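Working notes for the structure below.
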Amino acid sequence: MTYNWKKSAIIAAATVMACYLFLAVTAFNKPDDQQAVCTLVDINIEDGKIDGFLGANEIKDQLKRAKIYPQGQPMKQIEVRKIEETIRKNPFVETAECYKTQGGHVKIDLTQRLPVVRIKAQNGDDYYVDAHGEIMPNSRYVSDLVVATGNISRTYAQKKLSRVGNYILHHSLWQNQIEQLNILDDGTIEMVPRIGDHIVYLGSTSNLQQKLDRLEKFYRYGLSEAGWNKYDYINLEFDNQIICKKRKKRK
């Protein structure tokens, strides 16, 4: 009878592989790993344009209130999906991801929603609007966000002011120059700058970039020569022009 060396080699290799897999699984599930507990919870918050809106302690307290804070808990009992779902209920959280690592560590990575304007309406409403036009509740947080005052409905804030606030926040000049938006009864906007004793009438929110581009040129090549306090009212409402009202001379 002829001995089949090729068949025997295949059987031997399969046997070796089976033994390796058995040992690997056994080693991976050794008692020490099964009994491991979470020794560290690493909460990482990506700040983005506005920082400090959320803190790691706030997330920690939220998980403790839900009785699912993982530190000290057996690793095999920690439900990362439940942790993610709980964190996402926070009104300031945009995304949340939780996962386990070797050594008994639990990692939590999250991004926060980006507020773009603070609303302080004449009807008493006080809240934030984010970059997606969604309402965010008021908090203890204080920042350099532009504040909108006046006759503001929530629909107007979400559809109009979110776009204006988002543009201002992502433009270095206007983020530093515009501190307040005042909404008039007809829905048009006045802007209050930080530098210069004047009011800028934006009008409606249409052609926003073109209007502010004209204002930027006027600031750079007009007011820088004439003086920042020469005018008390600058009107951007009409296309391709700026109408200025001179300040009355004090007697």
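Can you name the residue in the range 204-239 that is more than 19 Å from residue 164 (Cβ to Cβ) and touching a Lys or Arg at 6+ places or on another chain (Cβ under 8 Å) and, of all such residues, is least open to solvent (accessible area, probe 1.4 Å)?
Among them, the one singled out is 223.
Quick check on the range 177-191: of everything there that is of a type in the set (D, E, K, R) and over 25 Å from residue 112 (Cβ atoms), which residue is surrounded by the most Cβ atoms within 10 Å (Cβ to Cβ)?
190
Output yes when any residue across the range 227-234 is part of a strand (DSSP E or B) and among the hydroxyl-bearing types (Ser, Thr, Tyr), and no when none is.
Yes, the range 227-234 contains at least one residue that is part of a strand (DSSP E or B) and among the hydroxyl-bearing types (Ser, Thr, Tyr).
Do you know which residues across the range 161-176 are under 24 Å from residue 227 (Cα atoms) and either open to solvent by 10 Å² or more (accessible area, probe 1.4 Å) or assigned to a strand (DSSP E or B) (or both)?
Applying the first criterion (under 24 Å from residue 227 (Cα atoms)) to the range 161-176 yields 168, 171-176.
Matches in the range 161-176: 171, 172, 173, 175, 176.
Out of the range 116-142, which residues are of a type in the set (A, V, I, L, M, F, W, C) and without any contact (Cβ under 8 Å) to a residue 24 or more places away in the chain?
Looking only at the range 116-142, we keep the residues that are of a type in the set (A, V, I, L, M, F, W, C), and these are 116-117, 119, 121, 129, 131, 135-136, 142.
Result: 135, 142.
Please go through the range 81-96 and give me each residue that is at pLDDT 95 or above and open to solvent by less than 60 Å² (accessible area, probe 1.4 Å), ordered by number.
Selection gives 83, 84, 86, 87, 96.
Residue check, residue 71 against (1) under 27 Å from residue 139 (Cα atoms); (2) part of a loop (DSSP other than H, G, I, E, B); (3) not aromatic (Phe, Trp, Tyr), all met but one. Which one?
(1)
Any idea how many residues of the range 97-118 are surrounded by fewer than 22 Cβ atoms within 10 Å (Cβ to Cβ) and within 28 Å of residue 76 (Cβ to Cβ)?
10
Please pick out the residue among 43, 50 that is within 30 Å of residue 91 (Cβ to Cβ), at pLDDT 95 or above and among the β-branched types (Val, Ile, Thr). Before the answer, list the steps.
On the way: 50 fails: at pLDDT 95 or above.
Exactly one of 43, 50 is within 30 Å of residue 91 (Cβ to Cβ), at pLDDT 95 or above and among the β-branched types (Val, Ile, Thr), namely 43.
Among the residues of the range 136-159, which ones are assigned to a loop (DSSP other than H, G, I, E, B), surrounded by fewer than 17 Cβ atoms within 10 Å (Cβ to Cβ) and at pLDDT 95 or above?
151, 153
Taking residue 199 and the conditions (1) open to solvent by 40 Å² or more (accessible area, probe 1.4 Å); (2) hydrophobic (A, V, I, L, M, F, W, C); (3) closer than 20 Å to residue 113 by Cα, which numbered condition does it fall short on, given that it satisfies the others?
For residue 199, the exception is condition (3).
Quick check on residue 133: is it surrounded by 15 or more Cβ atoms within 10 Å (Cβ to Cβ) and at positive phi?
So residue 133 passes the test.
What are the residues in the range 119-130 that are of a type in the set (Asp, Glu) and surrounded by 21 or more Cβ atoms within 10 Å (Cβ to Cβ), if any? Steps first, answer last, please.
Our first condition is that a residue be of a type in the set (Asp, Glu); within the range 119-130, this holds for 125-126, 130.
Within the range 119-130, just 130 meets the criteria.
When you go through 208, 145, 161, 215 one by one, which is the residue that is touching a residue at least 60 places away in the same chain (Cβ under 8 Å) and not basic (Lys, Arg)?
Working: 208 fails: touching a residue at least 60 places away in the same chain (Cβ under 8 Å); 161 fails: touching a residue at least 60 places away in the same chain (Cβ under 8 Å); 215 fails: touching a residue at least 60 places away in the same chain (Cβ under 8 Å).
That would be 145, the only listed residue that is touching a residue at least 60 places away in the same chain (Cβ under 8 Å) and not basic (Lys, Arg).
The values are calculated or read from the model by the stated rules, or taken from the named source; none is laboratory data. Being a predicted model, the structure only gives us computed values, none of them experimental. Using ideal geometry, Cβ is built from the backbone for each residue, glycine included, and neighbour counts are taken over all protein chains shown. For the accessible areas, the whole protein counts, side chains as well, though only heavy atoms, and no ligand, DNA or RNA atoms are used. Shrake-Rupley method; radii C 1.70, N 1.55, O 1.52, S 1.80 Å.
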